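Visitor: Let me give you the structure first, and then I'll get to my questions.
The values are calculated or read from the model by the stated rules, or taken from the named source; none is laboratory data. Only a predicted model underlies this, so the values are computations on that prediction, with no experimental measurement involved. All Cβ positions, even for glycine, are placed from backbone atoms using ideal geometry, and neighbour counts span all protein chains on display. Just so you know, the surface numbers come from the protein's heavy atoms only, side chains and all, with ligands and any DNA or RNA stripped out. Shrake-Rupley method; radii C 1.70, N 1.55, O 1.52, S 1.80 Å.
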Amino acid sequence: MASEKTEYSLKLGEKVIEGKTKIVYDLADHPGLVLIESKDRITAGDGARANDMAGKAKISTATATAIFELLNDAGVKSHFIQREGDTKFVAHKCHMIPIEWVTRRVATGSFLRRNVGVKEGYRFNPPKLETFFKDDENHDPQWSFEQCVENKVTVGGKLIDRNDLEIMGRMTVTIFEILERAWASLNCSLIDMKIEFGVKDGTNEIILGDIIDSDSWRLWPAGDRRLMKDKQVYRELQEVTAEALDTVKRNFEWVAERVTLLNTKPKGRAVVVMGSPSDLAHCEKIRTACRGLGVPCELRISSAHKQTEKALDILAEYEGEGIPTVFIAVAGRSNGLGPVLSGNATWPVINCPPLSGDWGSQDVWSSLRLPSGLGCSTVFSPDGAALSAAQSLALTDHMIWSRLRAKQLNTWVNLVVEDRKVRDDK
């Protein structure tokens, strides 16, 4: 969840940039940080349609900051630091890359006009990724990946090369899928979304930037286009009246109210049951790894051989609470604990035996070769057991799923970065 708030001096420095819907200021006392302030302004068609909308800045800030908090908690790197008041937030200063990244799950809008013959509702699996060069005068032309590479865009002294574009593409799809899962938890379909990236001032790191709010996506409750709650309602107005703008504002308020419900506490947990207190150090490693993935984890001690009834009582205690639970059995020598729990549980059981060097090659068979009717898996490393538990819980918990997805993204990005370093190291 969101971290504790830090007190920043909000003394404004120079205006970095002013756009149609926001202003960015340097923070005079905090080099490398900026204050982003939203305006009570709504626009469409590269500014061809524009109207004042009282309260939009507050709504936009509430939506964007809630989304960034969710993404930051999941492990996605962004410029967002914390909200300041109703219409502002503090962020890392970025040199914005003039490319819009659009992810589409369902074909609609401009995609249909550019791809004649595709019917509205066509579903992209995996999501469709498109790029557009930010140029209002030319209506943000679509660029292919090859055009993005060959135009050699330089931002903040950094040349945006093929690796950078691949990283942004991977991040774009991951961000979309995380938010898609989150909105699905409220029975809303995220249809498409546009985002932008920046080069973090002083580091050359590419991170998610700009603002993500109801201007950024198409959102259809229950997957029904007729119920859309996004800026498309404003785009499609035949005439912009006070009543029509009020409808658009109520839609944006609807989103801002619900977006706070997306960043939920974990619905499930892992319970590590050890056969002996001598296994505590091994179990502590599992608990640390679980918590790193956003999975609450508890430790218990019970021997299936020496106190079978107590082990089954512990099992019944957790199953009776109705909270989705993955049990991780830690028992050395003859592992009766995992099989006993598995034979009496309806929830997953994972063996993670602390194998010793002397008898490990013999002991492991008590975890691997089980009687028929038992389905407990065996994972030797504490990190692997925690990951396996998280993957099971991610089936029904979008925040745990998001942490896993972000972890995969960050691993992928780090490998690309390290490959670039060794390639350039001459």
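Visitor: Here is a list: 403, 420, 369. Which entry is without any contact (Cβ under 8 Å) to a residue 24 or more places away in the chain, of a type in the set (Lys, Arg) and open to solvent by 30 Å² or more (accessible area, probe 1.4 Å)?
Guide: Numbers: 403 fails: without any contact (Cβ under 8 Å) to a residue 24 or more places away in the chain; 420 fails: without any contact (Cβ under 8 Å) to a residue 24 or more places away in the chain.
Only one candidate passes the filter, namely 369.
Visitor: Provide a single number: the residues in the range 230-249 that are of a type in the set (Asp, Glu), open to solvent by 50 Å² or more (accessible area, probe 1.4 Å) and either part of a loop (DSSP other than H, G, I, E, B) or closer than 15 Å to residue 217 by Cα (or both). Quick ask: steps written out before the conclusion?
Guide: First pass over the range 230-249, keeping only residues of a type in the set (Asp, Glu): 230, 236, 239, 243, 246.
Retained after the next criterion (residues that are open to solvent by 50 Å² or more (accessible area, probe 1.4 Å)): 236, 239, 243, 246.
Those still in the list that are either part of a loop (DSSP other than H, G, I, E, B) or closer than 15 Å to residue 217 by Cα (or both) too: 236, 239.
Summing the residues that are of a type in the set (Asp, Glu), open to solvent by 50 Å² or more (accessible area, probe 1.4 Å) and either part of a loop (DSSP other than H, G, I, E, B) or closer than 15 Å to residue 217 by Cα (or both) in the range 230-249 gives 2.
Visitor: A follow-up question, please. Looking at the structure I just gave you, is residue 200 over 22 Å from residue 174 (Cβ atoms) and touching a strand residue (DSSP E or B) at 6+ places or on another chain (Cβ under 7 Å)?
Guide: Values: over 22 Å from residue 174 (Cβ atoms): no; touching a strand residue (DSSP E or B) at 6+ places or on another chain (Cβ under 7 Å): yes.
So residue 200 fails the test.
Visitor: Just one of the numbered conditions (1) on the phi > 0 side of the Ramachandran plot; (2) of a type outside the set (Asp, Glu); (3) at pLDDT 95 or above is not true of residue 95; which one?
Guide: (1)
Visitor: Condition (residue is surrounded by 11 or more Cβ atoms within 10 Å (Cβ to Cβ) and farther than 30 Å from residue 179 by Cα) applied to the range 380-394: is it met by at least one residue? Steps first, please.
Guide: Of the residues in the range 380-394, the ones surrounded by 11 or more Cβ atoms within 10 Å (Cβ to Cβ) are 380-394.
Among the residues that remain, those that are also farther than 30 Å from residue 179 by Cα are: 380-381.
Among the residues of the range 380-394, at least one is surrounded by 11 or more Cβ atoms within 10 Å (Cβ to Cβ) and farther than 30 Å from residue 179 by Cα, which makes the answer yes.
Visitor: Between a first residue in the range 45-62 that is touching a residue at least 40 places away in the same chain (Cβ under 8 Å) and open to solvent by 50 Å² or more (accessible area, probe 1.4 Å) and a second residue that is among the β-branched types (Val, Ile, Thr) and assigned to a strand (DSSP E or B), which pairs have beta carbons less than 9 Å apart while being 6 or more apart in sequence or on different chains?
Guide: 49/42; 49/43
Visitor: Within the group 277, 296, 266, which residue is open to solvent by 20 Å² or more (accessible area, probe 1.4 Å), touching a Lys or Arg at 6+ places or on another chain (Cβ under 6 Å) and either modelled with pLDDT under 95 or not acidic (Asp, Glu) (or both)?
Guide: Details: 277 fails: touching a Lys or Arg at 6+ places or on another chain (Cβ under 6 Å); 266 fails: touching a Lys or Arg at 6+ places or on another chain (Cβ under 6 Å).
Result of the check over 277, 296, 266: 296.
A quick yes/no check of all residues on (1) modelled with pLDDT of 95 or more; (2) open to solvent by less than 90 Å² (accessible area, probe 1.4 Å); (3) in a loop (DSSP other than H, G, I, E, B):
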site: 105; (1), (2), (3): yes, yes, no
site: 108; (1), (2), (3): yes, yes, yes
site: 111; (1), (2), (3): yes, yes, no
site: 117; (1), (2), (3): yes, yes, yes
site: 121; (1), (2), (3): yes, yes, yes
site: 126; (1), (2), (3): yes, no, no
site: 137; (1), (2), (3): no, no, no
site: 146; (1), (2), (3): yes, no, no
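Visitor: Kindly establish whether residue 100 is touching a Phe, Trp or Tyr at 6+ places or on another chain (Cβ under 6 Å), of a type outside the set (Ser, Thr, Tyr) and open to solvent by 10 Å² or more (accessible area, probe 1.4 Å).
Guide: On the way: touching a Phe, Trp or Tyr at 6+ places or on another chain (Cβ under 6 Å): yes; of a type outside the set (Ser, Thr, Tyr): yes; open to solvent by 10 Å² or more (accessible area, probe 1.4 Å): yes.
Judged against the criteria, residue 100 is a match.
Visitor: Which residues, taken from the range 342-362, are in contact (Cβ under 8 Å) with a residue 24 or more places away in the chain and either in contact with a Cys (Cβ under 7 Å, 6 or more places away or on another chain) or among the acidic types (Asp, Glu) (or both)?
Guide: Filtering the range 342-362 down to residues in contact (Cβ under 8 Å) with a residue 24 or more places away in the chain leaves 342-356, 359.
If the condition is that a residue be in contact (Cβ under 8 Å) with a residue 24 or more places away in the chain and either in contact with a Cys (Cβ under 7 Å, 6 or more places away or on another chain) or among the acidic types (Asp, Glu) (or both), then 342, 349, 350, 351 are the ones that fit.
Visitor: Do any strands (runs of 3 or more DSSP E) lying entirely in the range 179-227 carry at least 1 residues that are without any contact (Cβ under 8 Å) to a residue 40 or more places away in the chain, and which ones are they? Full working, then the answer.
Guide: Details: elements: 188-200, 206-209, 217-221.
Where strands (runs of 3 or more DSSP E) fall fully within the range 179-227 and carry at least 1 residues being without any contact (Cβ under 8 Å) to a residue 40 or more places away in the chain, they are 217-221.
Visitor: Could we say that residue 349 is open to solvent by less than 20 Å² (accessible area, probe 1.4 Å), more than 30 Å from residue 205 (Cα to Cα) and in contact with a Phe, Trp or Tyr (Cβ under 7 Å, 6 or more places away or on another chain) here?
Guide: Values: open to solvent by less than 20 Å² (accessible area, probe 1.4 Å): yes; more than 30 Å from residue 205 (Cα to Cα): yes; in contact with a Phe, Trp or Tyr (Cβ under 7 Å, 6 or more places away or on another chain): yes.
Yes, satisfied.
Visitor: Further, regarding this structure: Would you mind stating whether residue 341 is touching a Gly at 6+ places or on another chain (Cβ under 7 Å), of a type in the set (A, V, I, L, M) and open to solvent by less than 20 Å² (accessible area, probe 1.4 Å)?
Guide: On the way: touching a Gly at 6+ places or on another chain (Cβ under 7 Å): no; of a type in the set (A, V, I, L, M): yes; open to solvent by less than 20 Å² (accessible area, probe 1.4 Å): yes.
Taking the combined requirement at face value, the residue does not satisfy it.
Visitor: Which members of the range 19-40 meet the condition of being open to solvent by 50 Å² or more (accessible area, probe 1.4 Å) and at pLDDT below 95?
Guide: 20
Visitor: Of these, 97, 23, which one is touching a residue at least 40 places away in the same chain (Cβ under 8 Å) and of a type in the set (Val, Ile, Thr)?
Guide: Working: 23 fails: touching a residue at least 40 places away in the same chain (Cβ under 8 Å).
Only one candidate passes the filter, namely 97.
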